[in-house]
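Undergrad: Take this structure first; my questions come after.
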Amino acid sequence: TSDFALDDFSIDEAPACPNPFSLGVLSTSATDANVYWTAGSPGGNSFIVQYGIAGFPLGTGTLQGSANDTALLTGLTPSTNYEFYVAEICPNGVDTSNFIGPIPFQTLCVAASIPYLRDFDGANWPPLCWTIGGPNAGMIVQNSSDYMEASFWSFNNATATAATEPITISTDARVKFRWAHLYSATY
């Protein structure tokens, strides 16, 4: 038993239609996504893709067929989080695998237009299409679901940035923001 040991070994009948596997996203744009997977059956070439806004209940999404191991999902909304599942219609043409997923993806952001307003209220942090970066990015947080806070006194001689999505400015414009600075002799 020092070389090889088995315990609770069983042999089950192979499923009539194995599930697809290795699902992923090749690319996204503002309005489409190119997704892929690996067939569960040798020679599998008939699939059903189901997709929708992230969190959609399986069975309520948009259905799309595919005759190979990729699909182009079109007509999507920019700056939106989606998910997809895949099921295989097996080569016998009768059996169908389980839907496998969800695999999340996000469509790309499009430029916002002016007037532009961001209030930091709500549950989505960081704001969709914003980039929070730099060595101290973790110190920029949503405080009380109401405003963005940067705890500068904790920074170690480095910076953090918060950048909006692209904004198209087609006329004279100005940037306004409210800010506060806490001060204490111990800071």
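The values are calculated or read from the model by the stated rules, or taken from the named source; none is laboratory data. For clarity, every value in this text was computed on a predicted model and none was experimentally measured. Note that each Cβ is placed from the backbone with ideal geometry, even for glycine, and that neighbours are counted across all protein chains shown. For the accessible areas, the whole protein counts, side chains as well, though only heavy atoms, and no ligand, DNA or RNA atoms are used. Shrake-Rupley method; radii C 1.70, N 1.55, O 1.52, S 1.80 Å.
Undergrad: Take residue 114 and residue 45, extend 7 Å from each Cα along the Cα→Cβ direction, and tell me the distance between the two endpoints in nm.
TA: 5.6 nm
Undergrad: Sort 14-21, 110-117, 28-35 by the packing proxy (mean of other Cβ within 10 Å over each peptide's residues), most packed first.
TA: Going by the mean number of other Cβ atoms within 10 Å, highest first, we get 28-35, 14-21, 110-117.
Undergrad: Quick one: pull the percent of accessible area on the chain belonging to carbon and sulfur, 1.4 Å probe, ligands and nucleic acids left out.
TA: Carbon and sulfur atoms account for 53 percent of the accessible area of the chain.
Undergrad: Kindly report the accessible area of the chain per residue (heavy atoms of protein chains, probe 1.4 Å, no ligands, DNA or RNA), in Å².
TA: Here the residues of the chain average 67 Å² of exposed surface.
Undergrad: Considering only the other residues whose Cβ falls under 14 Å of the Cβ of residue 126, what net charge follows from Lys and Arg at +1 and Asp and Glu at -1?
TA: -3
Undergrad: Just want to confirm a number: the relative contact order over the stretch 1-100, from Cα pairs under 8 angstrom separated by 6+ residues, in percent.
TA: 32 percent
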